[in-house]
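Taking it in order: structure first as structure tokens, then the write-up.
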Amino acid sequence: MHIVVCVKQVPDTKIIKINPKTNTLDRRSAPAILNPYDAHAVQEAARIKSRTGGTVTVLSMGPPQAVAVIKKSVEIGADRGYLISDRAFAGADTLATSYALSKALEKIEQESPVDLVICGKHAIDGDTGQVGPGIARRIDIPPITNVIEVSKINSDEKKIVVKRKQLNGYELIESQIPCLLTVEKEINDIGYSPMPNMIKAARYEPVIWSVADLGEVDRAQLGLKGSPTIVGKMFSPPRPEGGKKIEGEPTEQIKELMKLLEEKIDLFCFKA
Amino acid sequence: MEENRGIWVFIEVTDGKVEGVSLELLGAGRKLADKLEVPLAGVLLGHDVRKISAKVIEYGADIVYMADHAVLELYRTEAFMKAVVAMAEKYKPEIFLYGATPNGKDLASAVATDLSTGLTADTTMLDVDPEKRLLEASRPAFGGNIMATILCKKHRPQMATVRPKVMKALEPDASRKGEVIEEEIHLEESEMRTKVLQIVKETTKTANLAEAHVIVAGGKGMGDKNGFMLIHELAKTIGATVGGTRDVVEAGWLPHDQQIGQTGETVTPKIYFAIGISGAIQHVVGMKNSELIIAINKDPDAPIFDVATYGLVGDAFEIVPQLIEKFKELIKEKGGEISYV
Ligand SMILES: Cc1cc2nc3c(=O)[nH]c(=O)nc-3n(C[C@H](O)[C@H](O)[C@H](O)COP(=O)(O)OP(=O)(O)OC[C@H]3O[C@@H](n4cnc5c(N)ncnc54)[C@H](O)[C@@H]3O)c2cc1C
Ligand SMILES: Cc1cc2nc3c(=O)[nH]c(=O)nc-3n(C[C@H](O)[C@H](O)[C@H](O)COP(=O)(O)OP(=O)(O)OC[C@H]3O[C@@H](n4cnc5c(N)ncnc54)[C@H](O)[C@@H]3O)c2cc1C
């Protein structure tokens with residue numbers, strides 16, 4: 001099995017700061033990390049590899065600093081990684097991102113055929129979840145989103161069975177291989193990385209490709225130029241207007257609340 | 001681009017029932033259609049779905065584009081995407097909305113790629129500029145810290161997925177008239193690369209939360225797991241379901257499926273108690289559409305008071321026990337039982 005995992009470098013949105021004057025992201029305030037869902041994707045690829053044998057390749061698009069997320073992926077269990085990095089990719093929306101990543105995938109495919117592509121359910125910064133299915137369409141393989149378990153995998157028969165999370169429950173889906181999965185966090189637990197992986201990761205130098213390295217690429221479909229969506233204005237989330245504030249002694253407050261609730265008594269359903 | 005006209009809504013059907021978000025989108029789509037003076041259409045795919053088309057019209061559509069085919073019985077990206085792309089290429093809508101559900105997001109992403117157009121994800125506010133005929137779809141970004149308006153100026157249709165429970169459905173009107181257009185879609189089971197083997201329903205606490213009539217939610221202000229028992233006690237007294245903030249879940253006071261907010265459940269009960277909850281935006285997005293919100297917090301400046309219908313400023317440990325007593329009295333007075341089923 002040759003598994004390719006797409007990994008994105010993202011600012012840690014847990015500690016992100018927004019400049020209230022300009023409503024823009026203060027990038028210095030947030031350290032760049034491997035998108036948490038992608039860490040689970042790499043982990044799952046490594047787990048599948050331990051069952052079927054094969055290779056785990058990671059692929060990222062981003063600025064040169066994004067080599068850090070490839071090294072992190074090697075730490076979790078990837079064998080090797082590619083970063084596609086070029087000014088021409090900058091400002092990409094999901095359509096342009098899936099185009100660029102699919103071109104890199106085609107190049108990887110030429111070296112060694114790809115059986116499975118795994119993406120995170122979404123990236124915590126852009127947070128669209130659109131890139132995975134987009135890549136699947138571009139290289140014409142079926143996408144299965146929101147996967148919580150890889151139940152069966154048969155590389156000889158080229159079949160995979162997975163659990164897909166649904167609104168209330170899950171579906172068991174069988175697919176031909178190759179296909180593309182996007183994974184939820186429940187799919188596995190990430191423990192400490194084994195020492196040999198850490199050593200390998202520390203020394204690992206990912207391959208970096210520019211647009212020119214990707215072969216035949218329609219530059220009009222890349223980056224800002226190739227992006228149909230633009231971010232218009234940014235604004236603080238609207239604060240809804242508050243209602244009635246009741247202050248004072250608890251007994252008095254409750255008296256007043258109960259009086260107000262009398263008017264809304266229909267909201268409670270009493271059984272006579 | 002000029003030839004693209006009309007607002008479309010993808011109608012998601014589960015077990016023969018239209019998902020709530022699709023009805024909400026018909027309501028939101030109706031407003032956009034009236035502003036642009038164009039028809040509103042529902043896109044209905046499935047097997048034996050003809051009877052559903054009447055409902056789509058009752059909820060605001062002028063047209064239903066329908067594809068009824070055995071291969072469309074259960075949702076699969078490749079089958080649905082083929083049908084939807086064929087319809088969109090034929091009738092050329094200018095705006096196309098989908099619910100931000102697992103299936104809606106999956107489908108919209110695939111369709112946008114094939115139509116080479118823009119797709120705004122997880123929209124929570126929708127508007128349209130009638131002059132430029134431009135959809136203004138706003139969405140929370142960077143973990144809900146900020147809102148961004150996404151525009152798609154040069155490609156059509158303008159597409160967006162929209163979060164459930166943020167738009168309002170219209171009151172159904174059985175006298176509304178509309179047209180049903182059935183499309184012939186060529187699909188072969190043998191060409192499908194995926195198959196749904198089994199559907200497993202899990203009626204967990206999550207489903208309970210989503211359907212709960214009354215929710216008592218607690219936050220870190222309850223101090224510790226023991227203090228949080230007060231939340232359970234109030235809930236038990238008034239027959240409510242218990243929920244909490246992410247911090248409470250992370251502290252291990254509640255299981256993850258009872259988390260309310262951006263990364264938990266979105267809820268719309270009739271009554272929502274927020275006790276010892278500060279009201280961070282990531283929590284508020286998950287509960288702000290509740291009909292009546294009662295907040296108890298000792299900090300008068302806590303942002304939760306901005307969304308609360310009634311806000312009690314004070315110590316939960318003084319207020320809640322008294323509240324429980326008062327409710328017990330009230331329930332006794334009204335007949336001895338409270339029930340929402
Ligand atoms: C505030 C804001 C709002 C935005 N809203 C939209 C919008 O509504 N529509 C839109 O089209 N674009 C939008 N974008 C742009 C979008 O964030 C970028 O296109 C981004 O390159 C990919 O989208 P994402 O982060 O949502 O990824 P997702 O689609 O959420 O990512 C899913 C998975 O795809 C893979 N992946 C994604 N990006 C990469 C990468 N660079 N390298 C390797 N793997 C990757 C990973 O496996 C990841 O887990 C927005 C950007 C900002 C800043
Ligand atoms: C990407 C992202 C996603 C997130 N998703 C979610 C989500 O889905 N859901 C969610 O809830 N949060 C989410 N959060 C976390 C959110 O930002 C807040 O940190 C969280 O909601 C705060 O929880 P809290 O109100 O319980 O705690 P705190 O913010 O600590 O608030 C405690 C409140 O209790 C009050 N209080 C203290 N003692 C008493 C007392 N004796 N009586 C009355 N009041 C008292 C205090 O005044 C304070 O207002 C997310 C954050 C990020 C970055």
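All of the numbers you see were taken from the coordinates with simple rules; none came from a lab. As the structure is a computational prediction, the values presented were derived from the model and not from experiment. Cβ coordinates were reconstructed from backbone atoms using ideal geometry, including for glycine residues, and neighbour counts include every protein chain displayed.
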Computed over region B:205-334, the convex hull of the Cα set has an average projected area, in nm², of 6.9
With +1 at each Lys and Arg Cβ and -1 at each Asp and Glu Cβ, the charge dipole magnitude of chain A around its Cα centre, to the nearest 20 debye, comes out at 400
For the protein assembly as shown, the dipole about the Cα centre with charges only on Cβ (Lys and Arg +1, Asp and Glu -1), to the nearest 20 debye, works out at 1020
All alpha-carbon distances of region A:2-221, grouped into 10 Å bins from 0, give the whole-percent distribution 8, 35, 37, 17, 3, 0
Once phi for every residue in region B:287-293 is put through the Karplus expression 6.51 cos²θ - 1.76 cosθ + 1.60 (θ = phi - 60°), the whole-Hz ³J(HN,Hα) values, with Gly and Pro written as x, are 9, 5, 8, 5, 5, 10, 10
The longest stretch of chain B containing none of the trypsin sites (Lys or Arg not before Pro) that sit in a DSSP loop with at most 12 other Cβ atoms within 10 Å is B:178-341
Long-range share for region B:1-152, i.e. C-alpha pairs more than 22 Å apart as a percent of all pairs, stands at 37
Rounded to the nearest 500, the 222 nm mean residue ellipticity computed for the protein assembly as shown from DSSP H runs (n ≥ 4, each -39500 (n - 2.57)) alone is -9000 deg cm²/dmol
Long-range share for region A:128-272, i.e. C-alpha pairs more than 27 Å apart as a percent of all pairs, stands at 63
Which residues qualify? For residue A:182, with a placed amide H closer than 5 Å and at least 5 residues away or on another chain, they are A:119, A:144, A:145, A:146, A:147
Amide H contacts under 5 Å for residue A:269, restricted to residues at least 5 apart in sequence or on another chain and with H modeled in the peptide plane, are B:339
Residue by residue through region A:92-101, the couplings from Karplus 6.51 cos²θ - 1.76 cosθ + 1.60 with θ = phi - 60°, in Hz, x for Gly and Pro, are 6, 8, 5, 5, 5, 5, 5, 5, 4, 5
Once normalised by the length of region B:126-199, the mean sequence separation of its alpha carbon contacts under 8 Å that are 6 or more apart gives a contact order in percent of 15
Taking a crude spin-label model, label points 7 Å out from Cα along the C-beta direction, the residue B:198 to residue A:90 distance in nm is 5.2
Expressed as a whole-number percentage, the relative contact order of region B:278-341 with C-alpha contacts under 8 angstrom and at least six residues apart is 27
Scalar couplings 3J(HN,Hα) for region B:132-138 by Karplus 6.51 cos²θ - 1.76 cosθ + 1.60 (θ = phi - 60°), nearest whole Hz, x for Gly and Pro, are 7, 6, 10, 7, 10, 9, 10
Ranked output for segments A:213-220, A:56-63 by mean other Cβ atoms within 10 Å, highest leading, reads A:56-63, A:213-220
Cα-only Rg/Rh for the protein assembly as shown with Kirkwood Rh rounds to 0.98
Spelling it out for residue B:64: with amide H atoms placed in the peptide plane at 1.01 Å from N, the residues 5 or more places away or on another chain with amide H under 5 Å from its amide H are B:42, B:179, B:180, B:181
With the convex hull built on the alpha-carbon atoms of region A:51-156, volume per residue in Å³ sits at 124
For chain A the mean separation of alpha carbon contacts under 8 Å (6+ apart) over residue count, i.e. relative contact order in percent, is 22
Averaged over the residues of A:155-166, the number of partner chain Cβ atoms within 10 Å of each residue's own Cβ comes to 2
Nearest 10, in degrees from 0 to 90: the angle of helix A:250-263 to the longest Cα principal axis of chain A is 90
Each residue of A:122-134 has, on average, a number of other protein chain C-beta atoms within 10 Å of its C-beta equal to 6
Using alpha-carbon positions, the gyration tensor of region B:119-263 gives root eigenvalues a ≥ b ≥ c; with a/c under 1.5 called rounded, otherwise prolate if a/b exceeds b/c, else oblate, the class is prolate
Given Cβ charges of +1 for Lys and Arg and -1 for Asp and Glu, the option among B:253, B:272, B:239 whose Cα lies farthest towards the positive end of the dipole of region B:205-334 is B:239
Per-residue average of other protein chain Cβ atoms inside 10 Å, peptide B:91-102 -> 1
Protection proxy (average C-beta count within 10 Å per residue), highest first, orders A:4-11, B:316-323 as A:4-11, B:316-323
Under Stokes-Einstein, chain B at 20 °C and 1.002 mPa s, with its Kirkwood radius over C-alpha pairs, diffuses with a coefficient in µm²/s of 98
